[in-house]
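Read through the structure below, which is laid out as structure tokens, and then see the notes.
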Amino acid sequence: MRDELRWIMDEAKKKGVSYGDIRLLEDEIETIDTENGNVQGIGKTFSKGFGIRVIVNGAWGFSSSSKVDKSEMEKVLDEAISIAKASSKMKKEDVFLSEIEICEDEFTPDVKIDPFAVGLDKKLNILYEADKIMSKYNQVKIRRGSLFFNKQKKYFVSTEGSFIVQDRIVSGGGVEAYAISDSGEVQKRSYPTSFGGDYSVSGWEFIENLKLVENSDRVAKQSVEILSAKPCPQGNMDIVISSNQMALQTHESIGHPTELDRVFGMEASFAGTSFLTPEKLNDFKLGSKIVNITADATIPHALGGFGYDDEGVKAQRLYLVKDGNFVGYQTSRETAHKVGLKPTGSMRADGWNRIPIIRMTSINLEPGDMTFEDLISGVKDGIYVETNKSWSIDDKRLNFQFGCEIGWEIKDGKLGDMIKNPTYTGITYEFWRSCDGIGNKDLWHVWGLPNCGKGEPQQVMQVSHGAAPARFRNVRVGVTR
Amino acid sequence: MRGKDEILNVLKKGLDFSKGDETELLYLGRESSLTRYANSYIHQNVKENNSLIRVRVIKDKKIGFVETNNLTIEGLKKAVEDAEEILNFTKEDEAFVKLPEKEEAKEIKTFFEENLKVTPEDMAIKVKNVIQKASQKSLDAAGALSLDLEEYAVVNSSGIEAYQPYSSITLTTVMMGDDSSGYADRFSMKFNDLNENELADEAIEKTLRGTNPKDFEPGKYEVILSPYAVEDILFFFSYLGFGAKNFHQDISFMSGKLNEKVFSEDVTIWDDGLDPEGAPVVFDFEGVPKKKVTIIENGVAKAVVYDSYYANKFGKENTGHALPQPNPVGPFPFNIFMKEGESSINDMIKNVKRGVFITRFHYTNPLDYKRVIITGMTRDGTFLIEDGKISYPIKNLRFTQNMVELMNNVVEISKERKLQKGEAHVSVVPYIRARDFNFTGKTEF
């Protein structure tokens, strides 16, 4: 196959493209879902195909196919060229790409136990055991467990001479309990976090370390306890936010608005644009001085990590926010060239049939120096919230509102009664400027989010966020009916 | 496009490989072209061609699933064998009865050959027309034009052999001025029926009218919601409440409330996959013909939609609303209709003393699944209505609204309805006027 990939890029050059690349992917996915002690579904998915991207007459064209042979590659190349020519009739200016280092390399992540070599019985037993423990609670009417495994081999070859082969193995899983009261109220609790749990570029060892069985009793018990908890207080008060919720807070309010394609309006018709316009770069106080946020694709095992992005740019670590100041964007070769920045290795596609767009890697709130007790003890009257239930943010990423699964009052520096349906809302930069405490390295965890949506057609990307619990002052909470 | 005979032959070969008690093969094939534009030029122009088969094998009430895009004989054989391998590990599903049997389906045209002739140039010209209209008003245009040519087929061991080609075209645009934006979209099953000029005019009118938006304090206001926003709400009702799975698990707002009044008596909602006024699909992903289901009639909860699994489990009629299996969502209504009212949209505006006109929502998300409490933002055209007239544009607002209460607060429905493609279904929806819409926050633009 390597020869065919080099051959088609040679053909692209002969046909006059000013740039071209091909990505060939082999993808295998295994999903296991249980519900109330039964298998809801065990699914295996196999997918193979390639996509060719070209620049002709200064415009992009892309086509793809699941039929992998030389004649189909030639047909797809011709389609991509014809599409680029059509695009060029509506161009404002020619596309230019920033220079990158051309390389031939192979990247293999550190995976100890291939999850595809682990028997289904062993995988199911974990979910059955967790389910059995959760079933002790009569009010828990719906019990769910899920495991996810993904194995991928990806070839990237460009007309510039790059030839990169990357392997990737992802493992993930979680459990959740839905308690229903006699009056029909429904409350949910998840572990280790919501929406399918936690994910990592790791093998079966990651699932064993999740300790789903060991945490299932607490999850089920809490889902029942929430039913009789106090409602979330309403008003402006101090809030301490858990590590897994800070992951989503960082994702929505820092990750997306620092994507340079959004800033340039490329997502305007769908997900929106960004308040972080270019004149604010290096001249805008985005958070308090303790807020440091990085984009780091080099963190071992992080779901947003890799060796090279889908333009052949090597994985890297950079600051987006340094000492509270907005200092960086996530860029592509094309967008970086427009503003004189370097490509940050952020271009990824969610499959062979999709064009790469700027995607978050691992966007991390860097750890601070506080213990959890420090964070709580500094609050006279406030709340502590855990685990996302709902998220929404406006189309410039300013006004956000999050709902969490569970919360507790904080009174005079101590955790108090449990509260239900906690929500909080704010304006992004006002919120981050009010941050006066971030948990230390011991509380910091890289959360894998497998379902970040962006682009048209929508592409679902695996990203991650390192985060520790953090404290914010004078935040509006309790916005619900 | 592979065509009926080739696809059904491939699927039937898959049946021959199976050693299960029952077997089903679902084919999903798609050629998709998408032209995306922003800042008034085309920045993404792509084509994809993919076909996959989902295999479901059942033996002794155990069920195994495999999906593959390797459609060679070897690939198909391996997929069936892998599905059978899963049976060695899974438990019996006592609620599973059997795969559906063949039923006669109505013949409806869902594919138009003229779409096969559409070239990348044709796509670019349609987009160019939108961009030119925007430029004439000194506005920037962004959006996407997509052309999907699809084929669905289902073969199972109970005699189902169903095939349906499907074509659809969607054009969206957001026009942007210095401090305002306007949105419009159109959906059609024929490329040449899509009127890009009319779409551009609608978005331009909203953008120009939205210039210099004023700050506006959140609170409870009467609202008029355009079909874009109404479709968003109906999606959440469909996803959270109208399907049999959530209904029987007691997590739907309709659970335990059949034949009770749940919405205003002015509200009637049904699903009808066979009505050509919508975007018809003849059968579901199990090959079962679509049946019309009246979900809400004059405000009273009447029924939810079923697939074969939940119909058998609860002794109900299979209404033909299966998603590809396995699926955590359960049966889902794809073709929602909301009954029209008697007022024109202009009359509805005249009937508002002080309220808010909402063009569309952004980033809506449920805070409470059962009570259907949704939060989100307004976007691309939010206006204050005073004394029966749109008085001025206002900055976007956040809402946190119990949508069941909203449907109880409906006071007027337009006679105009729009064919509206949403996140997961295509609906036919009117404008609605409702009291006490709960705005809970605001933003800076």
task: Could you tell me whether any residue of segment B:57-71 is within 7 Å of another protein chain (Cβ to nearest Cβ), part of a strand (DSSP E or B), surrounded by fewer than 24 Cβ atoms within 10 Å (Cβ to Cβ) and under 22 Å from the mean Cα position of the chain (by Cα)?
output: no
message: Please count how many residues of segment B:383-399 are within 12 Å of chain A (Cβ to nearest Cβ) and surrounded by fewer than 22 Cβ atoms within 10 Å (Cβ to Cβ).
response: 1
task: Restrict the check to segment A:34-42 and report whether at least one residue is more than 25 Å from B:Asn69 (Cα to Cα), buried (at least 21 other Cβ atoms within 10 Å of the Cβ), more than 8 Å from chain B (Cβ to nearest Cβ) and not aliphatic (A, V, I, L, M).
output: yes
- line: Here the residues within segment B:189-241 that are of a type in the set (D, E, K, R) and assigned to a helix (DSSP H, G or I) are B:Asp193, B:Glu196, B:Glu198, B:Asp201, B:Glu202, B:Glu205, B:Lys206, B:Arg209, B:Glu231, B:Asp232
message: As an exercise: evaluate A:Phe372 against (1) in contact with a helix residue (DSSP H, G or I) (Cβ under 8 Å, 6 or more places away or on another chain); (2) more than 14 Å from every other protein chain (Cβ to nearest Cβ); (3) crowded, with 24+ Cβ neighbours inside 10 Å and give the number of the one condition it does not meet.
response: (3)
Residue match in segment B:86-97 (condition: closer than 30 Å to A:Ser269 by Cα and in a loop (DSSP other than H, G, I, E, B)): no
- request: Just give me the residues in segment B:365-378 being within 9 Å of B:Phe399 (Cβ to Cβ) and touching a helix residue (DSSP H, G or I) at 6+ places or on another chain (Cβ under 7 Å), in sequence order.
  value: B:Ile374
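Suppose the filter is part of a helix (DSSP H, G or I), over 30 Å from B:Ala311 (Cα atoms) and more than 9 Å from every other protein chain (Cβ to nearest Cβ); does B:Lys128 pass it?
It is false that B:Lys128 is part of a helix (DSSP H, G or I), over 30 Å from B:Ala311 (Cα atoms) and more than 9 Å from every other protein chain (Cβ to nearest Cβ).
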- request: Go through (1) within 24 Å of A:Ala271 (Cα to Cα); (2) within 13 Å of chain A (Cβ to nearest Cβ); (3) crowded, with 19+ Cβ neighbours inside 10 Å one by one and return the number of the condition B:Asn365 breaks.
  value: (3)
task: Look at A:Ile29 and say whether it is hydrophobic (A, V, I, L, M, F, W, C), out of contact with any helix residue (DSSP H, G or I) (no Cβ under 9 Å at 6 or more places or on another chain) and closer than 30 Å to B:Glu92 by Cβ.
output: yes
query: Looking only at segment B:328-351, which residues are among the β-branched types (Val, Ile, Thr) and either part of a loop (DSSP other than H, G, I, E, B) or within 30 Å of A:Val39 (Cα to Cα) (or both)?
result: B:Val329
- prompt: Tell me, which helices (runs of 4 or more DSSP H) wholly within segment A:205-268 include 3 or more residues that are within 14 Å of chain B (Cβ to nearest Cβ) and crowded, with 18+ Cβ neighbours inside 10 Å?
  reply: A:260-263
message: With within 30 Å of A:Pro109 (Cα to Cα) and at pLDDT 95 or above as the only criterion, which of A:Val201, A:Val224, A:Val240 stands out?
response: A:Val201
field: Segments classed as strands (runs of 3 or more DSSP E), wholly inside segment A:8-110, with at least 2 members that are basic (Lys, Arg)
entry: A:38-56
message: For segment B:4-55, give me the residue count where each residue is in contact (Cβ under 8 Å) with a residue 24 or more places away in the chain and either closer than 21 Å to B:Asp284 by Cβ or more than 13 Å from chain A (Cβ to nearest Cβ) (or both).
response: 28
- line: Of the residues in segment B:78-114 that are touching a helix residue (DSSP H, G or I) at 6+ places or on another chain (Cβ under 6 Å) and surrounded by fewer than 16 Cβ atoms within 10 Å (Cβ to Cβ), the one that is nearest to B:Ser157 (Cα to Cα) is B:Val97
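The values are calculated or read from the model by the stated rules, or taken from the named source; none is laboratory data. Every value quoted in this text rests on a predicted model; they were computed, and no experiment measured them. Glycine also receives a Cβ, built like all others from the backbone with ideal geometry; neighbour counts cover every protein chain displayed.
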